[in-house]
1. Between ALA96, ALA138, ALA122, which is surrounded by 12 or more Cβ atoms within 10 Å (Cβ to Cβ) and either at pLDDT 85 or above or out of contact with any His (no Cβ under 7 Å at 6 or more places or on another chain) (or both)?
2. Which residue out of GLU34, GLU89, GLU50 is free of Cβ contacts under 8 Å to residues at least 12 places away in the same chain, of a type in the set (Asp, Glu), out of contact with any strand residue (DSSP E or B) (no Cβ under 6 Å at 6 or more places or on another chain) and closer than 25 Å to SER3 by Cα?
3. Based on this model, can you work out whether ASN77 counts as modelled with pLDDT of 90 or more, surrounded by 10 or more Cβ atoms within 10 Å (Cβ to Cβ) and among the polar types (S, T, N, Q)?
4. If I filter region 99-113 down to residues being surrounded by 12 or more Cβ atoms within 10 Å (Cβ to Cβ) and at pLDDT below 85, which single residue comes out as nearest to SER170 (Cα to Cα)?
5. How about region 9-50: which of its residues are part of a helix (DSSP H, G or I), modelled with pLDDT under 85 and open to solvent by less than 80 Å² (accessible area, probe 1.4 Å)?
6. Under 6 Å between Cβ atoms, at least 6 apart or on separate chains: pull out the pairs that start in region 101-130 with a residue that is farther than 21 Å from ALA181 by Cα and end on any residue that is open to solvent by 80 Å² or more (accessible area, probe 1.4 Å) and modelled with pLDDT under 85.
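The values are calculated or read from the model by the stated rules, or taken from the named source; none is laboratory data. What you see is a predicted model; the values in this text were computed from it and never measured. When we count neighbours, we look across all protein chains shown, and the Cβ atoms used for this are built from the backbone with ideal geometry, even at glycine. The area values use the complete protein model at the heavy-atom level, side chains included, leaving out ligands, DNA and RNA. Shrake-Rupley method; radii C 1.70, N 1.55, O 1.52, S 1.80 Å.
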Amino acid sequence: MSSRIEQLIDEIEEYIESCKYQPLSTTKIIVNKEEIEELLTELRQKTPEEIKRYQKIIQNKEAILNDAKEKAQTMINEAAEHTTELINEHEIMQQAYAQANEVVQLATRQAQDIVDQATMEANAVRESAMQYVDGLMANVENILEHAIEISKAHYGNLVNDLTSLNDVVSGNRAEFQAQNAGTEDDVLSGRHAADDDLDVM
């Protein structure tokens, strides 16, 4: 929306454009003195009011600008403080993470040592038990074979029975050895699985 001063200037310009030129002149015009003075008088009266209005608008703009600057500076200060807090928290988290990582690594090493020791002890016990049982079966097998040899000359039917019994013992021994071999594979597999679990930690 244009001000009254701008309207008056437009009206003066339109009035001048509508005036007739003096005879034999292309630059001088004939004006109505009262009409032009009326326009100029109103222009003089309106000018101070318009100036005050614009000054008030400028002052308001400056106040708004200063308020915006203050708010912007406050936001910058708060952002700087928040950034500093985040940096400090990040450093604390980094230290806590490093300490936690050291604890995890130490616990992993200790757990691995315990598993290795338990595996060695289990293997030693199993090997001793296998040797003991195998020795017992070997003694029984030798006794039966010796009994068969002695009985061959005296007891025909007894020989057949002892031979069958010997076959059963031999089969049981072979089955025991096969089972122990499978158990050993299971122990090794269990050790590998335990190692994998510890690696995941």
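1. Only one candidate qualifies: ALA122.
2. Details: GLU89 fails: closer than 25 Å to SER3 by Cα; GLU50 fails: free of Cβ contacts under 8 Å to residues at least 12 places away in the same chain.
Being free of Cβ contacts under 8 Å to residues at least 12 places away in the same chain, of a type in the set (Asp, Glu), out of contact with any strand residue (DSSP E or B) (no Cβ under 6 Å at 6 or more places or on another chain) and closer than 25 Å to SER3 by Cα holds for just one of GLU34, GLU89, GLU50, which is GLU34.
3. yes
4. Restricting attention to region 99-113, the residues satisfying the condition of being surrounded by 12 or more Cβ atoms within 10 Å (Cβ to Cβ) are 107-108, 111-112.
Filter once more, keeping what is at pLDDT below 85: 107, 111.
Working: ALA107: 48, ALA111: 42 Å.
Across region 99-113, the extreme among qualifying residues is ALA111.
5. Filtering region 9-50 for residues part of a helix (DSSP H, G or I) gives 9-18, 33-50.
Those still in the list that are modelled with pLDDT under 85 too: 46-50.
LYS46, THR47, PRO48, GLU50 - these are the residues of region 9-50 that are part of a helix (DSSP H, G or I), modelled with pLDDT under 85 and open to solvent by less than 80 Å² (accessible area, probe 1.4 Å).
6. THR108/MET201
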